[in-house]
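Bear in mind these aren't lab numbers, they're just calculated from the coordinates by the rules spelled out. These numbers come from a predicted model, not from an experiment. Cβ: placed from backbone, ideal geometry, glycine included. Neighbour counts: every protein chain shown.
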Amino acid sequence: MGTSRKKALQILHDRDLAALLSWTSNTRSSLRTLFSLSYSEDDLIGWRAIEGIGIAAMQIAKSDLEMVKDFLRRLFWLMNDESGGLSRRAPEVIGEILFGLPSLISEFGILLFHFTREEPFERGSFSALARISSRAPELIEENREIFLSALDDPDPAIRVYALTALSTVETGLVAQQVEKLLNDHALVATYDFPTGKIIETTVAGFAKQLATIK
């Protein structure tokens, strides 16, 4: 394992965001290194790597926005069969970059919908769209039927992400959907960005929590 990768891994283990910014400023390959770590067998490290990519992208964009855009284009290319190397975590990474750089959502965010029904990117694409939903509620509104349909998806995580996205559109609509999911006791593990931890709850528990917040 290279020195840069070891440093990044330690930063993610500690979730030292200040150290991450410093490391990013001095490591041109930071995006590639963090992307490789997003595939860690330790799911917490993987998610923290995704979080770190978002932070690194914001830092890099201050001086080289085109570099970030090129990275986004490459991620979409990696999701294409023709690339020869499918990258299942690419949608979540795209979502995190767009969350931090919402000015890019109009150019790249709409492309995520293409992958909401393309294996193995369904869950990751809904996760990304849920992540950026508060930054671009108009995108959710224009495609609300996709999210309403996803509330019946066999994957409980997709049901949670769909409800998250819909919550940015209309309170009344969310109330109706929460009622629909109150008996959905499937377990879901999601990354909690405020705390940097993975939390496990049921779809119903998440729906109740969202209703309380709303």
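Brief remarks follow.
- Karplus (6.51, -1.76, 1.60) ³J(HN,Hα), θ = phi - 60°, over segment 43-50, in Hz, Gly and Pro reported as x: 4, 5, 5, x, 5, 5, 5, 4
- Length gained when the stretch residue 28-residue 43 is fully extended (0.36 nm per residue, less Cα-Cα span): 2.9 nm
- Relative to the current alpha-carbon distance between residue 135 and residue 186, full extension at 0.36 nm per residue lengthens the span by 15.5 nm.
- Between residue 63 and residue 18, the modelled label-to-label distance comes to 2.1 nm, taking each label 7 Å out from Cα in the direction of the beta carbon.
- Cα-based reach from residue 208 at 25 Å (exclusive), listing lysines while leaving out same-chain residues under 8 positions away: 180, 197
- 3J(HN,Hα) couplings calculated from phi for segment 15-21 with the Karplus curve 6.51 cos²θ - 1.76 cosθ + 1.60 (θ = phi - 60°) are, in sequence order, 6, 8, 5, 5, 5, 4, 4 Hz; Gly and Pro show x.
- Over all other residues within a Cβ to Cβ distance under 13 Å of residue 9, the charged ones net out to +1, with Lys and Arg as +1 and Asp and Glu as -1.
- In this simple spin-label approximation, residue 3 and residue 195 carry label points 7 Å from Cα along the Cα→Cβ vector, and these lie 3.7 nm apart.
- In this structure, the amide hydrogen of residue 202, modeled 1.01 Å from its nitrogen in the peptide plane, lies closer than 5 angstrom to those of 188, counting only residues at least 5 positions away or on a different chain.
- Extension gain, residue 179 back to residue 142 (0.36 nm per residue minus Cα-Cα distance, nm): 11.0 nm
- Look at (1) 108; (2) 121; (3) 142: the one that is volume of the Cα convex hull per residue in Å³ derived from this structure is (2).
- Among 125-133, 186-194, the peptide with the highest mean count of other Cβ atoms within 10 Å heads the list, and the full ranking is 125-133, 186-194.
- FRET E, pair residue 117, residue 77, Förster distance 25 Å, beta-carbon r, rounded to 0.05: 0.85
- Residue (of 95, 22, 115) at the positive-pole extreme of segment 1-158, dipole from beta-carbon charges: 22
- The per residue volume of the convex hull around the alpha-carbon atoms of segment 99-208 is 102 Å³.
- Partners for residue 7 among aspartates and glutamates (Cα-Cα distance below 20 Å; same-chain residues under 8 apart left out): 16, 41, 42, 43, 51
- Taking every C-alpha pair closer than 8 Å and separated by at least 6 residues, the mean separation divided by the residue count of segment 144-214 gives a relative contact order of 28 percent.
- Shape of segment 1-99, Cα gyration tensor, a/c cut at 1.5: oblate
- Sequence of 58, 79 once ranked by neighbouring C-beta atoms within 10 Å, starting from the fewest: 58, 79
- Note on segment 144-214: percent of Cα-Cα distances in each 10 Å bin, starting at 0 and stopping at the bin with the largest distance, equals 21, 57, 21, 0.
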